[in-house]
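First up is the structure itself, then whatever we jot down about it.
The values are calculated or read from the model by the stated rules, or taken from the named source; none is laboratory data. If you're wondering where the values come from, they're calculated on a predicted model, not measured in any experiment. As a convention, Cβ positions derive from the backbone with ideal geometry for all residues, glycine included, and neighbour counts pool all protein chains shown. The protein model used for the area step is the full one, side chains on, heavy atoms only, and it has no ligands, DNA or RNA in it. Shrake-Rupley method; radii C 1.70, N 1.55, O 1.52, S 1.80 Å.
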Amino acid sequence: MIDSKSDANLLKAFKDNQKVLTAIGDETRQAIIITLIQGTRTPGMRVGEITERTNLSRPAVSHQLKILKEAEIINVRKKGTMNFYYLDSISKLKKLKFLIEFLLFS
């Protein structure tokens with residue numbers, strides 16, 4: 001049974017995860033996340049690499065990366081003029097774990 005304190009915690013958890021849930025709810029962004037997971041051993045992939053592996057246009061990949069970055073799921077490492085995108089190990093996805101556990105065990 002969920003009490004009012006639990007209701008408040010659940011509401012906060014959903015609000016904290018709103019951007020993440022929206023970001024990972026899109027199939028195109030899911031494809032990009034999977035591509036980053038399956039990427040090279042070097043931390044990060046460039047837009048061109050992601051474009052090749054996902055068969056998406058460069059503007060589409062750039063737009064989706066921006067959304068994933070704003071949701072704090074990915075981050076970017078700059079090397080000179082090159083940008084390398086990677087999954088952020090301390091990302092908001094860890095907050096999503098709290099939400100899932102809360103729902104499973106309440």
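Quick notes on this one:
- Stokes-Einstein diffusion for the range 6-53 at 10 °C, viscosity 1.306 mPa s, with a Kirkwood radius from C-alpha pairs, works out to 126 µm²/s.
- Here the chain has 55 percent of its accessible surface on carbon and sulfur atoms, given a 1.4 Å probe and all protein chains in place.
- The ratio of the alpha-carbon radius of gyration of the range 51-104 to the globular-protein estimate 2.2 N^0.38 Å is 1.39.
- The chain, Cα convex hull volume normalised per residue, Å³: 103 Å³
- Using alpha-carbon coordinates, inclination of helix 4-16 to the longest axis of the chain, degrees: 10 degrees
- Packing-based order for 68-74, 53-59, using average beta carbon neighbours within 10 Å, highest first: 68-74, 53-59
- Helix axis angle, 27-37 relative to the chain longest principal axis, alpha carbon, degrees: 70 degrees
- Considering helices alone, the calculated mean residue ellipticity of the chain at 222 nm is -18500 deg cm²/dmol, with DSSP H runs of length four and up weighted by -39500 (n - 2.57) and normalised per residue.
- Structure note, pairs LYS15/LYS66; LYS19/LYS94; LYS12/LYS69; LYS66/LYS92; LYS19/LYS97; LYS12/LYS78: Cα-Cα distances above 23 angstrom occur for LYS12/LYS78.
- Accessible surface computed residue by residue for the chain, with neighbouring protein chains in place and a 1.4 Å probe, gives 69 Å² per residue.
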